[in-house]
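Step one of this worksheet: look at the structure below.
The values are calculated or read from the model by the stated rules, or taken from the named source; none is laboratory data. Quick caveat: nothing in here was measured; it's all calculated off a predicted structure. Cβ sites come from the backbone with ideal geometry, for glycine too, and all protein chains shown count toward neighbours.
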Amino acid sequence: MTKDQDNICHSKTFESIYRKYAKDLRRFIFYKTQDIDKAEDILQETFIKLWDNCGKVNHESVKSYLYTVASNTFLNIVKHEQVVRKHQQSLVNHTTNESPEFIMLEKEFMEKLDRTINTLPEKQKEVFLLNRIEKKKYKEIAVQLDISVKAVEKRMHLALLVIRRDIGNI
Amino acid sequence: MKPNCLNSRNLMNTEHLNNEKDTFLAEWLEGKLSDTALKSLVSEADFNAFLKIRKGIETFEVLDSSTDASFEKIQENITQKSTKVRKLNPNSWLIGVAASIVLFFGLFSILGDDMITIETNYGEHKTIALLDGSEVILNSKSTLTYNEDDWESNRTLNLDGEAYFKVKKGSTFTVETQNGNVNVLGTQFNVNSVSDLFEVICFEGKVSVQTKNEDYLLLPTNSVRRINGNTIEKWETSGANPTWIHGESSFKSVPLKYVISALESQYQITIHDKDIDQKQIYTGSFTHKDLNIALKTVFKSLQIRYIEKEKGNIYLSTK
C-alpha cells in the first residue's frame, strides 16, 4: 500500500506532490526571476520533467529534485537571455536594478515585510489586511468597523509608517 | 525640509511625532495620490522604500495565489505527449505477469494453436504484449481471445471483462465484446464489459464505439457507459490511465451491484447482497491490496453492515 502511494508515476501521488511543493517552489523561483509569469513557466516545466522521470525519482528525494531542476531551468533561461542580449549589444545583468522602474524583491525583504505586517498594532493590521488582502475599499471598511473613512485612512497611513520604520534601511 | 517630511528620526517615533491628521500614504496606496506627489512629500530614501513596500505587498498576494491554473497546464501538457508510453510501476506482480506471458506464448507456440486465450483469476492482472507492439493490461476475472496467425492483417480481440489497451499505430484495432465493438487506430483506452455493464474510456487518440443501436466517437477524457440496457450515458474522466492499473478500482455513479461484482472478482469472495438495495448508486474507489480496507471504504460510506460469516462469504445488511 505505502509502496504504491510513494510511486510518483501514480497520478494521485504526483498531484499530492504538486499540492505540497508548488507554492514554495514558485516563491523560490520568483526570487530568482523577479517575474511571476516566468516563475509559473519554470514551475510547469519542472513538474513536467518530474512526470517524465517519475520512475527514476525517489519519493524521499523529490523535494531536492524539484529545486535542482527549477534552478537549472532558471540558469538555462538566463544563459539564453545573455546570448540574446549579447546579440543586441547590450549586456545588462538581469538581476541588477539598473533600470529606474525595476525594484528587486529579495527573499529577505519579503520575509521581513511579512513579519512586520504580522506585528502591526491590531487596529492597523485589521484595516491593512481588509484593504490589501480582502480588497475592500476604505469606505467599505469604515462601514464594517463602524468608524469614519478618515479614521480608516489614518490607520492605513500609520500602518505604512510603522512598516517603513520596522523595515529599516533597504 | 518640508513639514511632513519623514526623516529617519521622526520615523522612529512615528505615532507621536507625525501629524495626526496625515493620511497621504493611505491615499497614495489607493492610487488617489500619484507617485510624483508622494515623492515631493517624503525623502528620497523613504520614497524608494514605500515603492518597494507597495510592490512587496502586491507580490505577496501573487505569490500566495492558487497554483491550480499551472497544474491544469501541466496536465494538458502531460496528456498531449503521453504517446511516449510510460514505464509501468515496478510492482512485484509485474515479474509474475512477465513470467506468465512467457509461459503463455511458449505454451501456445508449442501447441501450434492460432487462437490465443488469456484469462485472469481473482485479484490478478496480466500485461500482454501483442505482436505489433501494442499492449493490453487485463484486469481480474477477465478473458481475452485473439488470433495470432493473421494478427498483422486483422487486429481483432475478443474481451469479456475489463482491460486497458495501449495500441500502436497501424491498421484498425477492434475490441469485440458482447455489448458492442470498439474500433481504433492507435490510442489508449479502457474497455469494461462485464455482464450487462459496458463502459469505454478514451485516454488518447480517437476511439469509435459501435453498439447495436448507435455509434460514438470518443476523444481523450470522453467516456460512454451503458448499464443494464439503459440509454448510453456520456461523461468526462480525469487521469492519464484507469485507476485499477495502480491497484485501485474507481466508480462514478454506478449501481452498487457492479461494485459488488468488482469486489468479488478482485478478492475471490462471495458477497450476499439480497438484504440491501443493490440499486443504490456508488461513487468512490476501493484498493486491491487489502480486503478489509476495501470493504470498509465501500460499505461504511453507504452505511451497510458487512459480516464474514464463513470464509470468503460476506453478508450485507442495512443498519
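Summary table below
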quantity	calculated
Qualifying residue in segment B:207-221 (condition: surrounded by 22 or more Cβ atoms within 10 Å (Cβ to Cβ), in a loop (DSSP other than H, G, I, E, B) and out of contact with any helix residue (DSSP H, G or I) (no Cβ under 8 Å at 6 or more places or on another chain))	no
Residue in segment A:127-149 that is nearest to the chain's Cα centre (by Cα), counting only those that are surrounded by fewer than 17 Cβ atoms within 10 Å (Cβ to Cβ) and assigned to a helix (DSSP H, G or I)	A:LEU129
Every residue from segment B:115-163 that is among the hydrophobic types (A, V, I, L, M, F, W, C) and over 30 Å from B:ASP290 (Cα atoms)	B:MET115, B:ILE116, B:LEU130, B:LEU131, B:TRP151, B:LEU157
Test: residue in segment A:81-93 that is of a type in the set (S, T, N, Q), under 23 Å from the mean Cα position of the chain (by Cα) and at pLDDT below 90	yes
Qualifying residue in segment A:150-160 (condition: farther than 23 Å from B:VAL42 by Cα, modelled with pLDDT of 90 or more and either assigned to a loop (DSSP other than H, G, I, E, B) or more than 9 Å from every other protein chain (Cβ to nearest Cβ) (or both))	no
Every pair of residues 6+ apart whose Cβ atoms lie under 6 Å, when the first sits in segment B:241-256 and is over 24 Å from B:ASP273 (Cα atoms) while the second is in a helix (DSSP H, G or I)	B:GLY247/A:ASP4
Within segment B:137-166, tally of residues that are assigned to a loop (DSSP other than H, G, I, E, B) and either among the β-branched types (Val, Ile, Thr) or at positive phi (or both)	1
Leading residue by the ranking (nearest to the other protein chains (Cβ to nearest Cβ)) among those in segment B:54-74 that are closer than 16 Å to A:ASP114 by Cα and among the small types (Gly, Ala, Ser)	B:GLY56
Top-ranked residue in segment A:26-49 [being within 9 Å of another protein chain (Cβ to nearest Cβ) and of a type in the set (A, V, I, L, M, F, W, C); ranked as nearest to B:ALA69 (Cα to Cα)]	A:LEU43
Only listed residue being part of a loop (DSSP other than H, G, I, E, B) and either within 14 Å of chain A (Cβ to nearest Cβ) or in contact with a Lys or Arg (Cβ under 6 Å, 6 or more places away or on another chain) (or both), chosen from B:SER249, B:SER285, B:SER238, B:SER265	B:SER238
Tally, over segment B:253-289, of residues that are surrounded by fewer than 16 Cβ atoms within 10 Å (Cβ to Cβ), over 16 Å from B:ASN313 (Cα atoms) and not hydroxyl-bearing (Ser, Thr, Tyr)	7
Looking only at segment B:18-53, and only at residues there that are more than 9 Å from chain A (Cβ to nearest Cβ) and charged (D, E, K, R), the one that is surrounded by the most Cβ atoms within 10 Å (Cβ to Cβ)	B:LYS39
